Ligand code: CP
């Protein structure tokens, strides 16, 4: 099932930075296979029977937590969900002791979302089980990046040579970072588009082109990936008003006309219609947000399958 040269069994999935094309392709190809399983009436295969997957979320989530749970259950794993507020972290337990406890409880794989960039890397050093980063602060969200790649590949037929414009609050976005590294590894051209205050300070060291004008950044783009303003991560005022941001950087139906005629629009969610994206754009045939969510389940099934070294 997996390309012969790639073996991800026992590995962590912490970032797309550093992953090569063969590894990413292995996950995308495996996700295509699982996409077939989730289209069945009975969405159940015995692939991970006897395996336990723990999801540990210290931040809110609708899509990611639910799709990891669905992915594990569709493959017959035992999935145990722990929210940060319900864990003993609220009683002062350290992250290290939490992870050692999960290891003692014989978790076979741990999925973590955290507001702290780098915390998943640190946790992965404490336990033998694979750790999957489900979003760490402003760093990476690798399974979101993979599901975005899968969605683009399914619609466009390929990734190499495409121009992908990532628009919005890139400085605070872990989704943007995973997309940048994943798309670059697959041979796409990545544009970052936003006000200079919302562009990452290290943009010059990333494999990207930078635009501070929306129209220029969208011109001729094959794909537009729109990001939410992450006000919860902004520690100071980075633009005058949300209304002005929306006027200058909101992606509207009119603005999409400068892209390629067959442009596709993505948004990782949660989406604020009327802010970073006009209210009607998500409902256009060019928008693929629901496909992204469904692909999220297939990608997470592939990740659990490959990291747990399942057979069959
Ligand atoms: N895209 C994403 O990570 O969404 P959630 O925060 O709902 O998981």
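Read-outs: derived from the displayed coordinates by stated rules, not from any lab. Nothing here was measured: the structure is a model prediction, and the numbers come from that model. As a convention, Cβ positions derive from the backbone with ideal geometry for all residues, glycine included, and neighbour counts pool all protein chains shown.
The table that follows gives values for the structure above.
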| quantity | calculated |
| --- | --- |
| Over the chain, relative contact order from alpha-carbon pairs under 8 Å, at least 6 apart, % | 21 |
| Calculated diffusion of the chain, Stokes-Einstein form, Kirkwood radius summed over Cα pairs, 25 °C and 0.890 mPa s, µm²/s | 124 |
| Mean projected area in nm² (Cα convex hull; one quarter of hull surface) for region 5-153 | 9.2 |
| Expected-Rg normalisation [2.2 N^0.38 Å, Cα atoms] applied to region 207-247 | 1.39 |
| From the C-alpha gyration tensor of region 128-208, square roots of 5λ in Å | 19, 19, 10 |
| Region 168-260 - Rg and Dmax from Cα coordinates, angstrom | 12.9, 37 |
| Gyration tensor verdict on region 71-116 (Cα atoms; rounded if a/c is under 1.5, prolate if a/b is larger than b/c, oblate otherwise) | prolate |
| Bins of 5 Å from zero: percent of alpha-carbon pairs in region 223-272 | 4, 16, 25, 23, 18, 8, 5, 1 |
| Convex hull (Cα only) mean projected area of region 156-312, reported in nm² to one decimal | 10.3 |
| FRET efficiency for residue 94 and residue 242, using Cβ-Cβ distance with R0 set to 45 Å, rounded to 0.05 | 0.75 |
| Residue of 169, 213, 280 that the Gaussian network model of the chain assigns the largest fluctuation, springs spanning Cα pairs under 10 Å | 280 |
| All-pairs alpha carbon distance profile, region 1-90, 5 Å steps from 0, percent | 3, 11, 16, 21, 22, 16, 7, 3, 1 |
